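*Asks:* Could you have a look at this structure, given as structure tokens, before my questions?
The values are calculated or read from the model by the stated rules, or taken from the named source; none is laboratory data. All values reported here derive from a predicted model rather than from experimental measurement. Note that each Cβ is placed from the backbone with ideal geometry, even for glycine, and that neighbours are counted across all protein chains shown. Keep in mind that these areas ignore ligands, DNA and RNA; they rest on the heavy atoms of the full protein, side chains included. Shrake-Rupley method; radii C 1.70, N 1.55, O 1.52, S 1.80 Å.
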Amino acid sequence: MIDFVLSKKQQELKEGIHNVGKFVIRPMSLEMDRNHEVPEPFLRNFMKLAGGRGGQDIENFGEDGSGEEGKKERDPSKISEANRTSAVGAEELAWADAAMVLCMPGAGLGGPPVKSTGTPEQRKRFLGMFKGMDTGPLKWGAYGLTEPGAGSDVSGIRSSCRKDGKHWVLNGRKCYITNGGRAIWTVIFATIDPALGRAGHRAFVVEKGTPGFEVGKIEEKMGLRANETAELVLEDCRVPEENLLGGEAAYTTKEGGFMTAMKTFDNTRPLVGAMAVGIGRAAYEYARDFVKENYLIGRPIPRYAAIAAKLSQVSRKLDAARMLVWRATYMADMGIPNAKEASMSKAAAGQAATQACIDAIEICGAHGSIATEHALLEKWFRDVKVYDIFEGTGNIQRIVIAKRIMPGLKAF
Ligand SMILES: Cc1cc2nc3c(=O)[nH]c(=O)nc-3n(C[C@H](O)[C@H](O)[C@H](O)COP(=O)(O)OP(=O)(O)OC[C@H]3O[C@@H](n4cnc5c(N)ncnc54)[C@H](O)[C@@H]3O)c2cc1C
């Protein structure tokens, strides 16, 4: 049964991150937004606190990242809390600065497909690269699925792959890839034949520096400006056959490659939901405190009552979204299929958080919309919208949910 009370470890993590967030990250937030980067010394200090492993899931994948060592040591009767703990941490970090969360060194979105589909050797090799970031260089991984012609409908990807001896040759273009320019490797999805749809998909780990693999333009974005979003170009890029994720055996089922892409989202959508809740909560708390400081004296009571009602509604919706996030992460931790619940959490969180930012600006009046050096509200408003876009838009989450509550209905 899901327990809504945080464990001692989770509570300590939440409080620790909150304090760093309040006293260190928030004061740098607007400057990072203006400079389009998170200072490296800060990331390095954070890595030291995290034991130099950058979000690597030690609980489930062991010290070496392969998953084999972890399996041996794990007590099967002990319930994992890794996903829920990550959600608690992600909400708190995003409360401080959402762009900074995406800049955290580690495998990032590239981690889940390597974990779910990679062979033990691939997991050890590619996830093991993220050890030692407390002293050594900072490293990022990335996930390259979206293309100019295939965002929501990823069955339409056109990036191609063909086998040539002991290599695969990749051609195509990927867009809007988080940390794509700085990543030491990116999981690239390509197709052996677009006519095969999902059955043609293959996933490769393409390492930085592989000839024919180049970074294209870095996007100028409305929000999350401190985080890099890049275009990646593949031109006759020869990738060793050992980098085909899961090996040939992973693609004998009809939807092997497509499922690799989708399984990623079952773990990451709740985390994206948690980050959205973090931004929404930041805006809500800002507006609540603004009202407490400015509305109790000399303002008309009916207006104050309407504002109080709005704040209570925002708070309720954010709490409900967090509960959905925790349910989805609990299921992931228990190994229970959670595609519907992951989509529910992301859809609810994206909407609740976006509305929280809109309402906070409205409640604060002109003060809320002014982009001075003190105005975080304006930044959160720019940051939050993408949480209802990336990793599947709100519309796509609603389709995922509808397909599962009405199985067999061919309306989508
Ligand atoms: C900051 C940022 C970071 C990103 N990071 C990554 C990354 O690391 N890796 C990666 O692979 N991608 C990444 N993306 C891409 C992101 O996942 C896509 O933008 C997203 O999936 C939507 O695709 P699209 O932009 O092509 O929009 P479209 O698919 O063109 O959608 C446009 C509109 O049509 C709606 N729509 C589409 N299909 C349907 C339908 N069947 N029914 C109803 N409505 C529909 C959508 O909801 C949306 O409102 C990132 C995007 C951004 C903005």
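*Asks:* Once phi is turned into ³J(HN,Hα) by the Karplus curve 6.51 cos²θ - 1.76 cosθ + 1.60 with θ = phi - 60°, what whole-Hz value does each residue of region 386-398 show in order, with x for glycine and proline?
*Replies:* Values, residue by residue: 5, 5, 9, 10, 6, 6, x, 5, x, 4, 5, 4, 5 Hz.
*Asks:* Using a ≥ b ≥ c from the Cα gyration tensor of region 108-230 (square roots of the eigenvalues), is it rounded, prolate or oblate, where a/c under 1.5 gives rounded and otherwise the larger of a/b and b/c decides, a/b for prolate? Write out the running numbers ahead of the final one.
*Replies:* Values: a/c = 1.79, a/b = 1.18, b/c = 1.52.
Oblate shape, in that a/c is at least 1.5 and b/c is the bigger or equal ratio.
*Asks:* To continue, here is another question. If we sort 268-280, 14-26 on the protection proxy, mean other Cβ atoms within 10 Å, highest first, what's the order?
*Replies:* Working: 268-280: 30.0, 14-26: 15.3.
Averaged packing, sorted descending, gives the order 268-280, 14-26.
*Asks:* Which of rounded, prolate, oblate describes region 182-316, given a ≥ b ≥ c as roots of the alpha-carbon gyration tensor eigenvalues and a/c under 1.5 marking rounded, otherwise prolate only if a/b is larger than b/c? Please report the intermediate quantities before stating the final value.
*Replies:* Numbers: a/c = 4.34, a/b = 2.54, b/c = 1.71.
Taking the square roots of the gyration eigenvalues as a ≥ b ≥ c, region 182-316 is prolate.
*Asks:* Mind listing the Cα extents of region 257-405 along all three principal axes, in Å, largest one first?
*Replies:* 60, 28, 24
*Asks:* Report D for the chain in µm² per second (integer): Stokes-Einstein, Kirkwood Rh on Cα pairs, 4 °C, 1.567 mPa s. Could the numbers behind the result be given before it?
*Replies:* Details: Rh = 22.1 Å.
Once the numbers are plugged in, D ends up at 59 µm²/s.
*Asks:* Then there's this: Considering Cα pairs under 8 angstrom that are at least six residues apart, work out the relative contact order of region 141-254 and quote it in whole percent. Write down the numbers at each step before the final one.
*Replies:* Details: 255 pairs, mean separation 33.5, N = 114.
This gives 29 percent for region 141-254.
*Asks:* Compare the peptides 29-37, 313-321, 92-100 by average per-residue count of other Cβ atoms within 10 angstrom and give them in order, highest first.
*Replies:* Working: 29-37: 16.8, 313-321: 18.4, 92-100: 25.4.
So the order, starting with the most tightly packed, is 92-100, 313-321, 29-37.
*Asks:* Can you give the charge dipole size of region 141-254 about its Cα centre, rounded to the nearest 20 debye, using +1 on the beta carbon of Lys and Arg and -1 on the beta carbon of Asp and Glu?
*Replies:* Working: 15 positive and 15 negative charges, 31 e Å.
Dipole of region 141-254, to the nearest 20 debye: 140 debye.
*Asks:* Further, regarding this structure: Using a 1.4 Å probe on the protein heavy atoms, what percent of the accessible area of region 257-405 belongs to carbon and sulfur?
*Replies:* Numbers: 3850 of 6360 Å².
Reported share for carbon and sulfur atoms: 61 percent.
*Asks:* Right, here's the next one. Check G180: other-chain or 5+ apart residues with amide H under 5 Å from its amide H, H built from backbone geometry?
*Replies:* A230
*Asks:* Sticking with this structure for a sec: With +1 on the Cβ of every Lys and Arg and -1 on the Cβ of every Asp and Glu, and nothing else charged, how large is the dipole of region 119-180 about its Cα centre, in debye rounded to the nearest 20?
*Replies:* Working: 11 positive and 5 negative charges, 51 e Å.
Magnitude of the dipole: close to 240 debye.
*Asks:* A further question on this structure: Select from A107, N243, G197 the residue farthest towards the positive end of the dipole of the chain; place +1 on Cβ of Lys and Arg, -1 on Cβ of Asp and Glu, and compute about the Cα centre.
*Replies:* The residue sitting farthest along the positive end of the dipole is G197.
*Asks:* If you don't mind, there's one more thing I want to ask. What shape does region 99-169 have by the C-alpha gyration tensor, where a ≥ b ≥ c are the square roots of the eigenvalues, rounded means a/c under 1.5, and otherwise prolate means a/b greater than b/c and oblate the rest? Intermediate values should be presented prior to the final figure.
*Replies:* Values: a/c = 2.39, a/b = 1.36, b/c = 1.75.
Cα axes put region 99-169 in the oblate bin.
*Asks:* Another one. Output wanted: per-residue J couplings in Hz (rounded whole) for region 173-187, from phi through Karplus 6.51 cos²θ - 1.76 cosθ + 1.60, θ = phi - 60°, x for Gly and Pro.
*Replies:* Running phi through 6.51 cos²θ - 1.76 cosθ + 1.60 with θ = phi - 60° gives 9, 10, 10, 6, 8, 4, 6, x, x, 9, 5, 6, 8, 10, 7 Hz.
*Asks:* Under the rule of at least 5 residues apart or a separate chain, name every residue whose amide H is placed under 5 Å from the amide H of D134.
*Replies:* G52
*Asks:* Determine the relative contact order of region 257-405: mean sequence separation of Cα pairs under 8 Å and six or more apart, normalised by residue count, in whole percent.
*Replies:* Details: 176 pairs, mean separation 50.4, N = 149.
Relative contact order, region 257-405: 34 percent.
*Asks:* Quick one: putting +1 on the C-beta of Lys and Arg, -1 on the C-beta of Asp and Glu, what dipole do you get for the chain around its Cα centre, in Debye to the nearest 20? Each step should come with its number before you reach the end.
*Replies:* Details: 56 positive and 51 negative charges, 179 e Å.
Dipole about the Cα centre, nearest 20: 860 debye.
*Asks:* In degrees from 0 to 90, rounded to the nearest 10, what is the angle of the helix 339-364 Cα long axis to the longest principal axis of the chain?
*Replies:* 30 degrees
*Asks:* Can you tell me the 0 to 90 degree angle between the C-alpha axis of helix 256-294 and the longest principal axis of the chain, rounded to 10?
*Replies:* Once rounded, the angle reads 10 degrees.
*Asks:* Please work out the average accessible area per residue across region 257-405, using the 1.4 Å probe convention, and give it in Å². Show your work: numbers first, answer last.
*Replies:* Numbers: 6360 Å² over 149 residues.
Value returned for region 257-405: 43 Å² of accessible area per residue.
*Asks:* On to the next question. For the chain, what relative contact order do you get, as a whole percent, if you take Cα pairs closer than 8 Å and at least 6 residues apart? Before the final figure, lay out each step's value.
*Replies:* Numbers: 766 pairs, mean separation 68.6, N = 412.
Once divided by the residue count of the chain, the mean separation gives 17 percent.
*Asks:* How many Å² of accessible area per residue for region 121-229, probe 1.4 Å? Mind dumping the intermediate values first?
*Replies:* Numbers: 4660 Å² over 109 residues.
Ligands and nucleic acids excluded, the figure is 43 Å² per residue.
*Asks:* Longer than 31 Å from Cα to Cα, which of K139/K403; K139/K221; K139/K385; K174/K317; K208/K317 are they? Say none if no pair is.
*Replies:* On the way: K139/K403 38 Å; K139/K221 23 Å; K139/K385 27 Å; K174/K317 35 Å; K208/K317 42 Å.
Over 31 Å Cα-Cα: K139/K403; K174/K317; K208/K317.
*Asks:* HN-Hα J couplings of region 329-337 from phi, Karplus 6.51/-1.76/1.60, θ = phi - 60°, integer Hz, Gly and Pro as x?
*Replies:* 6, 4, 5, 4, 5, 7, x, 8, x
*Asks:* Label points 7 Å out from Cα along the Cβ direction at Q313 and E121: separation in nm?
*Replies:* 5.9 nm
*Asks:* How far, in degrees from 0 to 90, does helix 8-20 lean away from the longest principal axis of the Cα atoms of the chain, to the nearest 10?
*Replies:* Long axis of 8-20 versus the principal axis of the chain: about 70 degrees.
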